[in-house]
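Q: Let me give you the structure first, and then I'll get to my questions.
The values are calculated or read from the model by the stated rules, or taken from the named source; none is laboratory data. These numbers come from a predicted model, not from an experiment. For neighbour counting, all protein chains shown are included, and Cβ atoms are generated from backbone atoms with ideal geometry for every residue, glycine included. All accessible areas refer to the heavy atoms of the entire protein, side chains included, with ligands and DNA or RNA removed. Shrake-Rupley method; radii C 1.70, N 1.55, O 1.52, S 1.80 Å.
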Amino acid sequence: MHDIRSIRENPHAFDAALARRCDAPVSSDLLNLDEARRAKILAAETAQAEQNKASKDVGAARGRGDEDEFQRLRALVAEKKAEIAKMQDEAKSLDALLTDALARIPNLPADDVPEGADEDDNVEVTRWGTPRAFDFMPKEHFEIKGVAASMDFETAAKTSGSRFVMLKGPVARIHRALAQFMIDTHVDQNGLLEVNSPVLVRDETMYGTDKLPKFGEDSYRTEEGMWLVPTSEVPLTYSVAGDVLDEAALPIRLTAHTLCFRSEAGSAGRDTSGMLRQHQFEKVEMVSVTHPDESDAEQKRMLRCAEGILEALDIPYRTVILCTGDMGFGARRTYDIEAWVPGQNTFREISSVSTTGDFQARRMNARFKPSQGGKPQFVHTLNGSGLAVGRCLIAVLENGQQVDGSVTLPAALAPYLGGKTTLTADGALA
C-alpha cells in the first residue's frame, strides 16, 4: 500500500518509479480522488461547525421567546444534520475508492533494481557449482527409471485432475527428507523460529500481504470464504498485523513447512510435463520482520540461507536480481535462485527472496515503537523460499541420476533416510 501523502509531495517521482516497472502514470487520477475526498471532509466539517453554532442559537432563541427564530434555527439544524450525513457518506465512498486504487498499484522498485521488460533482462549476480558432465543424455525427473514407478501422475489426475502428482514409496520419503533437512537447517543453523501455520486464511490476511484484491484468481477460495494459502508467507507475515512491536523485538525470523495452493491462472500450456508446476506443492518459507534500516542486510542474509541449502545438497545454481518488469507485485527488490536441472539443460527457479519495504506493513498496520522514543513506525517485511520442496526434489533426482536409472542422493539427506544414499534403478533406497 502506498502513502497518499508521499504521492502528494512528489507525484512525478511516483510516476517515474512506476514507469520503471513498465506501468502507466496514475498520480493524477489518485490526486483527483484525494482532492475530492478531502473537499468533502472539509465541507462536512464546515457544516458541522455551522450546525453546532445553530444548535446553541436554538436554545438562546427559545430563552428569549423568539418563536420564529427558534423554528428557523431548528429547521436549519435538521437541514445541516442531513447535509453532514450525506457529505460524510460521500467522503467515505471516495475514501474507499482511493484505498482500492492504491491497493492495486504495485510496489515501487528500489533504486538498484535493474530496468527491463521481462525475465530476459534479469541480471546474474552469482553462480555456484559446476554442472556435472554426463557421459549419457540426462533424463527429466519423471523419466528416470528408478523414479518413474514412485511418481504417479495418472492416479493423481484420476482423483484431482491435471497438475497434481502422487509421490509414493522412496520418492515420497526423499521429498519428506528434503523438507525436514531444510527446516532443521533453518532452525539449528540459521536461527529461524519454526511455526506450524494454518493453510486457510481470511480475506484480510490475503489483503494485508498484497494477494488481494488484484490477484484473487491466482488462489483458491472455499465456499465458506476462506483462502488456501499460496505460500506460508501469508500467515507468517500477517501474524504481526495490527501490532506495535518493541524495537528490541526486531528482527523476527520465522520459517514454516506447509502445503501451498495456486490456481496457476494464465499458465495454460506452461511446464505441463512432470511436477515442475503444480496446483498443490510444498515449500519451506522464510519470513523476516525488521527495522527499516536493517531490511536490505536482512534480504542478503535470507538469500544466503536459501543458497546454503542448495550448497549443502551439492546442487549447482545461479542467483539473479529480477529486473523491474519481472518483479512480483509487492516486491521492491527480488533475487531468484535458479537450480541447475540437467534434464532440461537449464536453470530453473527454486527460490525467490524479496523485500517489500513497508508496502505490506502499511496494508496490515504493523509497526514498531522506537527505543529512543517518538511515533511508531512501520516495520519492513521480507519473504523467501527456503526452498520449494518439489523443485528441489527435481534438482536432486536429475543431478544425481546414473546411466542405469539409479540416483545417487546427497550425503546431507542420509540422516533422514536411515543412512541410505542411493535410489536404485528398481526404485528402492539402498
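Q: Connecting C-alpha atoms closer than 10 Å in a GNM of the chain, tell me which of Asn399, Asn345, Asn107 has the biggest fluctuation.
A: Asn345
Q: Something else about it: Quick one: in the range 303-430, what % of C-alpha pairs are over 16 Å apart?
A: Across the range 303-430, Cα pairs with separations above 16 Å total 69 percent.
Q: Then there is this: Based on Cα coordinates alone, diagonalise the gyration tensor for the chain, multiply each eigenvalue by 5, take square roots, and list the semi-axes in whole Å, largest first.
A: Rounded to whole Å, the semi-axes are 55, 22, 20.
Q: Per residue of the range 226-232, what does 6.51 cos²θ - 1.76 cosθ + 1.60 with θ = phi - 60° give for ³J(HN,Hα)? Whole Hz please, x for Gly and Pro, Karplus curve as stated.
A: 8, 10, 7, 5, x, 5, 6
Q: Right, another one. For the range 86-205: lysine pairs with Cα atoms under 29 Å, gap of 8 or more or different chains, count?
A: Pairs that pass both the separation and distance tests number 5.
Q: Give the cross-link partners of Lys369 among the lysines, using a straight C-alpha distance below 26 Å as the criterion and excluding same-chain residues fewer than 8 apart.
A: In chain and number order, the partners are Lys300.
Q: With a cut-off of at most 15 other beta carbons within 10 Å, and DSSP calling the residue loop, which trypsin sites (Lys or Arg not before Pro) in the range 29-119 qualify? Please list them.
A: Arg64, Arg104
Q: Using modelled backbone amide H atoms (1.01 Å from N, in-plane), which distant-in-sequence or interchain residues come within less than 5 Å of Leu259's amide H?
A: It is none; the list stays empty.
Q: Run down the lysines and flag those whose C-alpha is under 17 Å from the C-alpha of Lys56, throwing out any fewer than 8 positions away in its chain.
A: Within the straight-line limit of under 17 Å, Lys56 reaches these lysines: Lys80, Lys81.
Q: State the percentage of accessible surface on the chain attributable to carbon and sulfur atoms; use a 1.4 Å probe and exclude ligands, DNA and RNA.
A: Reported share for carbon and sulfur atoms: 48 percent.
Q: Turning to a different aspect of this structure: Let me have the relative contact order for the range 314-430, percent, based on Cα pairs under 8 Å that are six or more residues apart. Write out the running numbers ahead of the final one.
A: Numbers: 197 pairs, mean separation 21.0, N = 117.
Computed value for the range 314-430: 18 percent relative contact order.
Q: Using the Karplus curve 6.51 cos²θ - 1.76 cosθ + 1.60 with θ = phi - 60°, work out ³J(HN,Hα) for each residue of the range 280-297 in order, rounded to whole Hz, and write x for Gly and Pro.
A: Running phi through 6.51 cos²θ - 1.76 cosθ + 1.60 with θ = phi - 60° gives 10, 8, 10, 9, 9, 9, 10, 9, 10, 10, 9, 5, x, 6, 10, 5, 5, 5 Hz.
Q: For the range 294-412, what does the accessible surface come to per residue with a 1.4 Å probe? Please give it in Å². Each step should come with its number before you reach the end.
A: Values: 3640 Å² over 119 residues.
With the other protein chains kept in place, the range 294-412 gives 31 Å² per residue.
Q: Roll a 1.4 Å probe over the protein chains and send me the accessible area per residue for the range 1-135 in Å².
A: Spelled out: the 1.4 Å probe surface of the range 1-135, per residue, equals 63 Å².
Q: Rounded to the nearest 10 Å², what accessible area does Ser232 show when all protein chains are kept and the probe is 1.4 Å?
A: Roughly 0 Å² of Ser232 is accessible to a 1.4 Å probe.
Q: Moving to a separate point now. Please work out the ratio of the alpha-carbon Rg of the range 137-258 to 2.2 N^0.38 Å and round it to two decimals.
A: 1.36
Q: Using a/c under 1.5 as the rounded threshold, could you call the range 137-198 rounded, prolate or oblate? The axes a ≥ b ≥ c are square roots of the C-alpha gyration tensor eigenvalues, and prolate needs a/b larger than b/c, oblate otherwise. Spell out each step's value before the answer.
A: Numbers: a/c = 3.10, a/b = 1.70, b/c = 1.82.
In terms of gyration-tensor shape, oblate.
Q: Can you quote the Å³ per residue value for the convex hull of the Cα atoms in the range 194-311, rounded to an integer? Show your work: numbers first, answer last.
A: Working: hull volume 16.3 nm³, N = 118.
Taking the convex hull of the Cα positions in the range 194-311, it is 138 Å³ per residue.
Q: How much space per residue, in cubic angstrom, does the convex hull of the C-alpha atoms of the range 182-246 take up?
A: For the range 182-246, the hull spanned by Cα atoms encloses 108 Å³ per residue.
Q: May I pose another question? Rounding to the nearest 20 debye, state how big the charge dipole of the chain is about its Cα centre with +1 on each Lys and Arg Cβ and -1 on each Asp and Glu Cβ.
A: My answer is approximately 780 debye.
Q: In whole Hz and in residue order, list the ³J(HN,Hα) couplings for the range 8-18 that follow from phi through the Karplus curve 6.51 cos²θ - 1.76 cosθ + 1.60, θ = phi - 60°; x for Gly and Pro.
A: The phi angles translate into 4, 6, 8, x, 5, 5, 4, 5, 5, 5, 5 Hz.
Q: Divide by every residue of the chain the summed helix terms, -39500 (n - 2.57) for each DSSP H run of at least 4, and state the resulting mean residue ellipticity at 222 nm, rounded to the nearest 500 deg cm²/dmol.
A: Working: 12 runs with 170 residues, N = 430.
When only DSSP H runs of four or more count, the value is -13000 deg cm²/dmol.
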